[in-house]
Amino acid sequence: MTDKDKTTKEMKWDISGIKNWGPGDHELGSLIPEAGNARYYQTGGWRTEFPIRDDEACTQCLFCYFFCPDSSVLAENQKVTDFDYDHCKGCGICAKECPADAISMHPESEFAERVKK
Ligand code: SF4
Ligand code: SF4
């Protein structure tokens with residue numbers, strides 16, 4: 001049985017012969033056999049700035065929660081509680097979208113010092 005006869009499920013991710021692939025073989029390139037998931041990678045590791053929320057200024061509108069592209073604004077009982085700094089990439093969208101200017105971005109070099117407080 002050739003790879004073409006197998007179902008997608010049965011196919012193995014074997015690219016050892018990639019240099020010899022012809023046009024008919026390149027469909028293999030569309031397969032992601034073991035897709036990564038941000039849950040398993042601490043994407044916060046390549047952040048250059050981190051967000052801090054001012055609890056007094058925050059009106060709990062939840063805009064930051066909905067706008068964060070990485071689900072890194074944590075909320076409980078419909079209230080923002082914290083950031084998931086393991087996964088927050090520091091894009092600053094939450095700060096930009098906050099209508100109350102309650103989120104500010106800070107250089108990553110201050111991170112350890114600030115989050116301890
Ligand atoms: S900085 Fe970006 S990734 Fe981090 S919490 Fe804000 S919107 Fe989400
Ligand atoms: S967007 Fe701003 S005001 Fe709204 S919940 Fe987030 S921090 Fe609070």
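Overview of results
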| read-out | value |
| --- | --- |
| Pairs with Cβ under 7 Å, 6+ apart, first in region 39-59 and of a type in the set (A, V, I, L, M), second within 16 Å of ligand 2 (Cβ to nearest atom) and part of a loop (DSSP other than H, G, I, E, B) | A57/A100; A57/D101; A57/A102 |
| Sole residue being in a helix (DSSP H, G or I), of a type in the set (A, V, I, L, M, F, W, C) and either within 10 Å of ligand 1 (Cβ to nearest atom) or under 11 Å from the mean Cα position of the chain (by Cα) (or both), chosen from C91, C64 | C64 |
| Pairs, first touching a residue at least 12 places away in the same chain (Cβ under 8 Å) and of a type in the set (A, V, I, L, M, F, W, C) in region 84-112, second crowded, with 17+ Cβ neighbours inside 10 Å and in a helix (DSSP H, G or I), C-beta under 6 Å, six or more apart | C88/G44; C94/C64; C98/C64; I103/C94; I103/A95; M105/A95 |
| Residue selected from region 35-61 under the condition in a loop (DSSP other than H, G, I, E, B) and among the small types (G, A, S), by the criterion surrounded by the most Cβ atoms within 10 Å (Cβ to Cβ) | A57 |
| Subset of region 89-110 (residues that are under 11 Å from D70 (Cα atoms) and within 13 Å of ligand 2 (Cβ to nearest atom)) | I93, C94 |
| Subset of region 72-81 (residues that are surrounded by 14 or more Cβ atoms within 10 Å (Cβ to Cβ) and either among the charged types (D, E, K, R) or assigned to a loop (DSSP other than H, G, I, E, B) (or both)) | S72 |
| Meets criteria (more than 18 Å from the chain's Cα centre (by Cα) and either closer than 19 Å to E110 by Cβ or among the charged types (D, E, K, R) (or both)) for D86 | no |
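Each value in this text was obtained by applying a stated rule to the coordinates, not by laboratory testing. Please read all numbers here as calculations on a predicted model, not as lab measurements. Heads up, the Cβs are rebuilt from the backbone with ideal geometry, glycines too, and the neighbour counts pull from every protein chain shown.
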